[in-house]
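Chemist: Pasting a structure below so you can have a look.
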Amino acid sequence: MTISIWRYSHLTLAISSSIFILLAALTGIVLAFEPISNQLKPYAVKHADALSLSKTVENLQAEYDEVIHVEKDKNNFVIASVITKDGKNETFYINPFTAKKIGDIIEKAPFFKFVTNLHRSLFLKSTGRVLVGFISFLLFLMAVTGVFLIIKRQGGVKRFFSKMIKENFNQYYHIIIGRYVLIPIVIVTLSGVYLSLEKFSLLPSEKKPHDINEELLVGTPKIKVQDFSLFKTLTLNDIQRVEFPFSDAIEDYFVLKLNDKEWLVNQYNGAIISEKKQNLVALVSSWSMLLHTGQGSIMWSVILLLTCIAILFFMFSGFAMTLNRRKNSIKIKNKFSKDAAEYIILVGSETGSTYGFAKALYKALIAEGKSVFVSELNAYSSYKKAEHLVVFTSTYGDGEPPTNAKNFEKLVGHVYQNKILKYSVVGFGSLAYKGFCKYAIVVDSLLQLHQKFIPNLSLHKINNQSFDAFKDWASSWSKNKGLNLKIEKPVNTPQPKNSKLFKVVSRSMVNSDNSFLLELELAQKLKFNSGDLFKVYPKNEQRERLYSIGKINENIVLSIKKHEFGVCSGYFSKLKKNDMVLADIKQNKDFNFPVNVKEVVMISNGTGIAPFLGMINNQDSNSVKSHLFWGGRTKDSYQIYSELIDKAFYSKKLSGLYISFSKEESQKRYVQNSIVEKSDLISRVLKSDGVIMICGSIAMQNDVLETLESISESKLNRPLNLNQIKTDCY
Amino acid sequence: MLFMLLGFKNKAETTTYKCMIQMTNYSGEGAYVIISLLNPEGKYEKTLYVQGDDDEWYSEITAWWKFQGKRRTDIDAITGATISGGGRMISVIEIENSKIDTGYKIRFETAVENQEYYKDDVEFELTSETIKNKIEGTGFIRYVRMMAQ
């Protein structure tokens with residue numbers, strides 16, 4: 001399948017440099033602690049920056065026999081190299097107010113030395129430094145390609161920082177964190193590259209010698225050093241380093257290194273005899289050094305540390321995503337060529353997951369003895385013998401074609417089709433997106449306008465890769481073709497390896513809606529929450545069944561509707577107390593009760609109430625106000641839930657309960673009707689950043705979302721923020 | 001009594017010299033400068049000063065490393081950061097008085113990472129005269145000046 005050039009380069013860069021980047025990030029984490037620990041040393045003297053140079057020199061000359069130089073290090077500690085009264089040469093930190101020694105120079109710990117060498121040259125000296133500089137540049141390119149990927153995904157530069165929908169943990173945080181550490185990464189990589197370049201004198205260097213004004217080399221008027229007016233105006237804040245004259249000879253002078261220039265100063269009268277400005281290369285070098293190492297700033301060091309950790313996370317999440325995509329892109333080996341096949345299946349997919357469905361249909365058709373050809377939308381071409389066309393496509397971003405479908409629109413206009421084809425389009429997408437199946441709609445209309453295509457079935461949309469919805473489409477499509485297809489679930493469902501035992505505590509009677517409650521006890525300890533899923537594999541079936549869990553008193557409560565021929569629900573409806581059930585619990589963090597919000601609205605119909613029964617009875621959720629909407633057919637339908645709901649209501653864990661019946665004599669109302677009536681409540685919750693949870697049928701979900709959207713538009717003048725909505729519908 | 005004697009002995013026998021090294025305007029990384037004392041046979045006797053603290057590169061200063069690499073005497077106390085082109089450096093070294101006017105020599109070796117190495121950038125015999133002079137260098141060093149304290 002085609003992948004975009006940006007993603008391709010992003011990935012290639014990552015793979016080719018991964019080991020080095022891993023090493024650099026790990027050593028980077030360690031090295032970030034060096035400047036932090038140095039900064040925490042007690043050698044900084046308060047207000048030293050304001051002390052004048054003349055005072056500092058006076059203090060030093062009074063305290064020592066001779067002064068060689070004074071300098072400020074990256075941590076703003078003052079260092080003096082002196083010859084002490086007993087003739088020893090020593091270098092140490094001083095308090096400039098007294099000129100007394102306050103500590104020995106911090107030695108770079110051998111451990112940090114070792115790690116630094118590993119970080120910058122991998123112990124390979126010059127070769128290593130070239131390599132590391134190059135890898136640093138690759139990381140920079142990754143940041144750049146990453147920016148393009150985000151822009152494309154978000155649908156424009158302006159929306160770079162707009163909210164995104166969390167579908168997948170790795171992907172979501174790869175992007176979220178990527179946006180925040182983008183700037184530090186660019187700084188770290190570019191400064192790293194610069195430092196490497198500098199090593200190899202690849203940068204223009206213009207080291208001009210001082211141009212000494214000979215006329216100023218005079219010993220008169222003789223002024224005491226502490227009386228030099230220049231030294232009086234300069235403070236330690238202006239100074240980086242002062243070198244004292246080597247001897248009494250007039251040719252020897254003070255060297256003053258300031259932040260942006262260097263002065264030579266006559267040692268007898270304090271006149272400036274030469275000035276040299278710092279050049280750009282040196283300036284960039286010193287900034288690169290500071291920015292790359294974090295010297296002198298705890299805050300920046302911490303940012304660098306976090307950046308290194310983020311890089312490790314990018315490696316992990318990036319490779320996890322790639323492996324996942326690999327897994328999803330199921331290769332299909334066509335038995336028939338495009339001109340020999342009667343059935344053509346074209347796929348548009350960004351992540352490759354849609355291929356699974358194409359493969360399922362392909363297999364079923366081959367099993368029926370039909371000739372089929374599967375390809376991607378970008379490979380659209382003429383088909384000599386084809387009679388039927390099926391298009392499976394997802395949508396990228398807000399209605400864009402997925403990468404391997406980008407050229408389809410152009411191709412469909414150019415390619416000449418011999419025969420007339422009957423087509424059907426199936427869109428795959430998520431209701432969480434505004435542009436749900438938008439590109440499938442585009443493909444459908446493109447084909448409709450085309451002379452050589454006649455519609456077969458109307459556009460079919462599938463939410464969250466629901467296999468049932470796909471089966472529905474497949475059965476009506478095959479009926480239409482006079483076929484009897486047996487579609488198998490595409491991905492190899494994991495066999496129930498991790499199954500655990502659960503004991504039946506109680507089961508309610510099956511009510512007039514064919515629904516009942518089942519309470520199960522855990523035979524072994526397991527962590528779970530209301531909203532997680534109970535996973536069962538019915539006998540002789542590959543496909544798992546999922547039920548939303550309500551957690552009450554550490555037990556599992558399921559609300560199950562018995563279907564006439566339902567294998568699973570039939571099995572459950574016959575369970576008796578103390579029977580054992582083999583199943584598993586699947587985490588569903590996206591549908592757990594939210595923390596840190598003020599109010600939660602729970603909306604459900606039918607058996608969708610199960611997770612909410614657990615949530616409203618949860619001890620910990622007292623601080624969150626919760627409101628429950630439920631829609632059922634008749635009053636009798638409500639009976640099996642009433643006890644648990646009353647309990648929550650009387651213990652004040654439930655603030656509001658709104659029930660509607662659709663098949664009752666006295667009222668024919670759906671849950672969305674109650675929502676409209678309570679639109680003030682809904683808008684208040686939306687406004688105060690509360691969360692709305694929806695559980696039940698897809699049809700109900702669609703109606704409810706529409707209702708919520710119109711409430712948001714009319715009361716709050718803004719579109720519904722889907723980040724506030726959590727759904728678990730089937 | 002013994003301590004006093006030792007103290008006296010030390011003071012009497014060594015002199016502290018201030019030593020200024022003025023570099024030429026080479027480009028690239030900072031230079032490594034090693035100041036060593038050579039005996040009358042021209043063999044290394046003692047390392048007086050090491051300019052350049054990245055020991056990864058010491059082995060590039062081959063002549064000296066043959067001496068130091070084997071003995072690995074502790075040179076931490078007499079080590080300073082590298083000097084870059086055009087820069088000057090003042091260090092303080094101690095030389096025993098008995099080494100003056102007795103055929104001993106002082107050698108300044110220089111090297112820059114990935115550039116040349118000068119085994120005897122500056123080298124001269126230690127006499128009461130030479131030690132006061134300004135000595136021109138032949139490599140990365142422009143000149144060296146020494147002054148007794």
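Chemist: Only one of A:87, A:133, A:128 is in contact with a Ser or Thr (Cβ under 6 Å, 6 or more places away or on another chain), within 14 Å of another protein chain (Cβ to nearest Cβ) and farther than 30 Å from residue B:78 by Cβ; which?
Modeler: Testing whether each residue is in contact with a Ser or Thr (Cβ under 6 Å, 6 or more places away or on another chain), within 14 Å of another protein chain (Cβ to nearest Cβ) and farther than 30 Å from residue B:78 by Cβ leaves just A:133.
Chemist: Another question, if that's okay. Tally time: how many residues in the range B:14-42 are farther than 26 Å from residue B:114 by Cβ and either acidic (Asp, Glu) or more than 14 Å from chain A (Cβ to nearest Cβ) (or both)?
Modeler: Total meeting the criteria: 6.
Chemist: Cβ-Cβ below 6 Å, separation at least six or inter-chain, first residue in the range A:66-83 and within 13 Å of another protein chain (Cβ to nearest Cβ), second assigned to a strand (DSSP E or B) and of a type in the set (Ser, Thr, Tyr): which pairs?
Modeler: A:68/A:81; A:69/A:81; A:79/A:93; A:81/A:91
Chemist: Right, next: If you check A:616, A:603, A:560, A:609, which single one turns out to be assigned by TED's automatic domain parsing to the domain that holds residue A:638, farther than 20 Å from residue A:692 by Cβ and surrounded by 20 or more Cβ atoms within 10 Å (Cβ to Cβ)?
Modeler: Residue meeting the stated conditions: A:560.
Chemist: Go through (1) at pLDDT below 90; (2) buried (at least 19 other Cβ atoms within 10 Å of the Cβ); (3) closer than 26 Å to residue A:198 by Cβ one by one and return the number of the condition residue B:18 breaks.
Modeler: Result: residue B:18 fails condition (3) only.
Chemist: For the range A:692-730, name all the residues that are surrounded by fewer than 20 Cβ atoms within 10 Å (Cβ to Cβ) and touching a Lys or Arg at 6+ places or on another chain (Cβ under 7 Å).
Modeler: Hits for the range A:692-730 are A:716, A:723.
Chemist: Identify the residue in the range B:87-106 that is farther than 15 Å from residue B:43 by Cβ and outside any strand (DSSP E or B) and, among all such residues, is farthest from the other protein chains (Cβ to nearest Cβ).
Modeler: By that ranking, first place goes to B:101.
Chemist: While we're here: Here are some residues: B:136, B:109, B:56, B:60. Which one is surrounded by fewer than 18 Cβ atoms within 10 Å (Cβ to Cβ), of a type in the set (D, E, K, R) and more than 12 Å from chain A (Cβ to nearest Cβ)?
Modeler: Working: B:109 fails: surrounded by fewer than 18 Cβ atoms within 10 Å (Cβ to Cβ); B:56 fails: more than 12 Å from chain A (Cβ to nearest Cβ); B:60 fails: more than 12 Å from chain A (Cβ to nearest Cβ).
When all the criteria are applied, what remains is B:136.
Chemist: Yes or no: residue A:676 among the hydrophobic types (A, V, I, L, M, F, W, C), over 19 Å from residue A:593 (Cβ atoms), out of contact with any Lys or Arg (no Cβ under 7 Å at 6 or more places or on another chain) and not in a loop (DSSP other than H, G, I, E, B)? Break it down into steps so the answer makes sense when it comes.
Modeler: Numbers: among the hydrophobic types (A, V, I, L, M, F, W, C): yes; over 19 Å from residue A:593 (Cβ atoms): yes; out of contact with any Lys or Arg (no Cβ under 7 Å at 6 or more places or on another chain): yes; not in a loop (DSSP other than H, G, I, E, B): yes.
So residue A:676 fits the description; yes.
Chemist: All but one of (1) of a type in the set (A, V, I, L, M); (2) part of a helix (DSSP H, G or I); (3) in contact with a His (Cβ under 9 Å, 6 or more places away or on another chain) hold for residue A:426; which doesn't?
Modeler: With (1) of a type in the set (A, V, I, L, M); (2) part of a helix (DSSP H, G or I); (3) in contact with a His (Cβ under 9 Å, 6 or more places away or on another chain) applied to residue A:426, the lone miss is (2).
Chemist: Output the residue which, of all residues in the range A:219-248 that are assigned to a loop (DSSP other than H, G, I, E, B) and of a type in the set (S, T, N, Q), is modelled with the highest pLDDT.
Modeler: A:237
Chemist: Any idea how many residues of the range B:43-86 are at pLDDT 85 or above and either assigned to a strand (DSSP E or B) or on the phi > 0 side of the Ramachandran plot (or both)?
Modeler: The qualifying residues number 8.
Chemist: Check whether at least one residue in the range A:655-667 is assigned to a helix (DSSP H, G or I), aliphatic (A, V, I, L, M) and out of contact with any Gly (no Cβ under 7 Å at 6 or more places or on another chain), and report yes or no.
Modeler: Taking every residue of the range A:655-667 in turn, none turns out to be assigned to a helix (DSSP H, G or I), aliphatic (A, V, I, L, M) and out of contact with any Gly (no Cβ under 7 Å at 6 or more places or on another chain).
The values are calculated or read from the model by the stated rules, or taken from the named source; none is laboratory data. Just so it is clear, the structure is predicted and the values come from calculations on it, not from any experiment. Cβ atoms come from the backbone with ideal geometry, glycine included; neighbour counts cover every protein chain shown.
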